[in-house]
Amino acid sequence: MGNKSRSTRGFTFVELMVSLGLGMLVVGAAVKLFSQGVDATWVTTERAEMQQDLRASENLLLKDISLAGAGLTGIPGESVTLPNTTSTPIYGCDQSGLASGCPPNGGVKYPCVPTGSCSPTLYPLMPGFALGIAPLGASVSSDLITATYSDPNLALNCYAIGFNSTGNVLTFTAPTNPPPSSCILPPGLTYPQAVNDPVVGLTAGDIILFTQGSTTAIGEVTGTVSGPSGTPAPGNVYTVNFANSDPLGLNQSGATNDLTQLKSGTGTIGNRIYVITYYIKVNTDVAGNTTPVLMRQVSGHTAVPVAENIVNLQFTYDTYDTSGDLLNQTGDGGESIGISPNLIRKINLAHLTIRSQMDGVRTTLMATKGYQGYDVQTSISARNLSYNNRYTFTTGP
C-alpha cells in the first residue's frame, strides 16, 4: 500500500500574535470612542443643568428686584422708620431665632442713612455690599440684596383694625358685603379672604405695614391667628398678635416708631409686605462635603433654596448724589457716603456664578480644568422707586 502525503494548515504563532494585536487595537479604539462619548454626554448634561439652574435663578431674582417698591408709593419717602429702643431690628432671619435662623451673619441691620444719630429704616431696596460669605476660593465676600414690595394676594386692606390697651394685639374685622369701594381686591374675588386663610392668610413671620394718615409703622406677626374658620362673613373678627421679642426685633411696644403708636388713632390700614433677601449659604452633608446654595428669605419665614452650586453673587448700583450727579456702579448704592437707597436708579447684577455639581476629575475631557462654570450679568431698572427732584428752579426779576 502506497504512502499518502497529508498537508495540515493552521495559524502560526506570529499570525496569532498579529491577529490578537489587531483585535486589541480595534477593541481599544471602540472602548476609547465609547468613553469619550460618555464623557461628552456627562459634560453636556452638566452644562445644560447649569444653564437651566442659572437661568431659573436669574429670572426669580430679577422678578423680585424689579418689584422693589411696588405698592409702597403712598408712603412718604417710600421708607419706614423702625423702632430702635429695646433692640436693633434685623432682616434675613426666620422664626427659629438668632441661634440657627439668621444666616449668613446673624441677621442684617437695616440701613441708617446718613450714618450717625438716625434710626434704622426699611427701604424698598437695600444693598448688602460684602455682607455675604466669601465664594469658594475667593477672598472677597459675596453680596446680599433685599427687595421690599406689597403683597397683592391677601386683601388685608379691606379689614377694619382695632387695638388692645397695649397696642400689640390687633383685631381685624371683616367688611360689609359687598365691601366698600376703598377695598382693593385681587382679580377674580368679590370679597376678601379670611385673615387666617390656610393658603394666603397671615402666619408667624409675616410683616405687616400699617398706615394711618401720614403715619406708618410695621410689625411682625407672632403666633397663630385666631378667628372663625372657613369663608369669612361680614363682622367676623380675627385676632393677630405682634408680641415683643420677635425674631426680627420689629415689635417694641411703646417705643418710638413702633406700631403701638397707632392705637390712639383711627382709620388704620394694614397690608402685608414681603421683605425678600437673597444670599449664598454653604450646606455641609454628613460626609463633610460642602455645597454652596443660593437662598431666598421672605420676611421672617424659613429661607428656601433657589439653586445649588451658586458660588458668587455680586451687585453694583447706579445712583445719584445729593447734588444730582450720577454715580455709576457703586458697590453699596452710596450708603457709605450718606446717599439714600431711594435714589438708586439701576441695579447691575455684576456676577451670578454657578459651578458644575461635580469636578472635572470625573472625566478625561475636564481632568485638568476642575469645575465647569457659568457667569451671567445684567441690569434691572428700579422702576417702582421714587424719583427725587434734582432740579432747582429760579424765577427771573
Fluctuation leader among Gln212, Gln252, Gln95 - the chain, Gaussian network, Cα springs under 10 angstrom = Gln212
Going by how many other Cβ atoms sit within 10 Å of their own, how do Lys263, Lys32 line up, fewest first?
-> Lys32, Lys263
Considering amide H positions built from the backbone, and no H for Pro or chain starts, which residues 5 or more places from Ala160, or on another chain, come under 5 Å of its amide H?
-> Thr173
Which percent of Cα pairs goes in each bin when the distances of segment 54-93 are cut into 5 angstrom slices starting at zero?
-> 5, 16, 15, 18, 19, 14, 9, 4, 1
Counting chymotrypsin sites (Phe, Trp or Tyr not before Pro) as exposed when in a DSSP loop with at most 13 other beta carbons within 10 Å, what is the longest stretch of the chain free of them?
-> 12-386
Kirkwood hydrodynamic radius of the chain, from inverse mean 1/r over distinct Cα pairs, in Å | 24.7 Å
Summed over the other residues with a beta carbon less than 14 angstrom from that of Glu49, with K and R at +1 and D and E at -1, the charge totals 0
Distant-in-sequence amide H partners of Ala350 (H built 1.01 Å from N, under 5 Å) = Gln314, Phe315, Thr316
Would you work out if segment 194-335 is rounded, prolate or oblate? Take a ≥ b ≥ c from the square roots of the eigenvalues of the alpha-carbon gyration tensor; rounded if a/c is under 1.5, else prolate when a/b is larger than b/c, oblate otherwise.
-> oblate
Could you give me the ³J(HN,Hα) list for segment 186-195, computed from phi with Karplus coefficients 6.51, -1.76, 1.60 and θ = phi - 60°, whole Hz, x at Gly and Pro?
-> x, x, x, 9, 10, 8, x, 6, 5, 4
Which of Ser150, Ser379 has the fewest Cβ neighbours within 10 Å, and the rest in rising order = Ser379, Ser150
For the chain, calculated [θ]222 nm from helices alone, where every DSSP H run of n ≥ 4 adds -39500 (n - 2.57) = -5000 deg cm²/dmol
Within-15-Å neighbourhood charge of Ile280 [Cβ basis; K, R +1; D, E -1] | -2
Given H placed on each backbone N at 1.01 Å, which residues far from Arg296 in sequence or on other chains put an amide H within less than 5 Å of it?
-> Val304, Val306
How big is the gap, in Å, between the Cα center of segment 258-287 and the Cα center of segment 49-86?
-> 12 Å
Residue by residue through segment 318-327, the couplings from Karplus 6.51 cos²θ - 1.76 cosθ + 1.60 with θ = phi - 60°, in Hz, x for Gly and Pro, are 9, 9, 10, 7, 5, 8, x, 7, 6, 10
Please determine, in degrees from 0 to 90 and to the nearest 10, the orientation of helix 13-66 with respect to the longest principal axis defined by the Cα atoms of the chain, where the helix direction is its Cα long axis.
-> 10 degrees
Scalar couplings 3J(HN,Hα) for segment 303-315 by Karplus 6.51 cos²θ - 1.76 cosθ + 1.60 (θ = phi - 60°), nearest whole Hz, x for Gly and Pro, are 5, 10, x, 9, 7, 7, 6, 7, 9, 7, 8, 9, 10
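A short reminder: the numbers here are calculations on the coordinates, not readings from a lab. From a predicted model like this one, the values you see are computed outputs, not experimental measurements. Don't worry about glycine lacking a Cβ; one is built from the backbone with ideal geometry, like all the others, and counts go over all protein chains shown.
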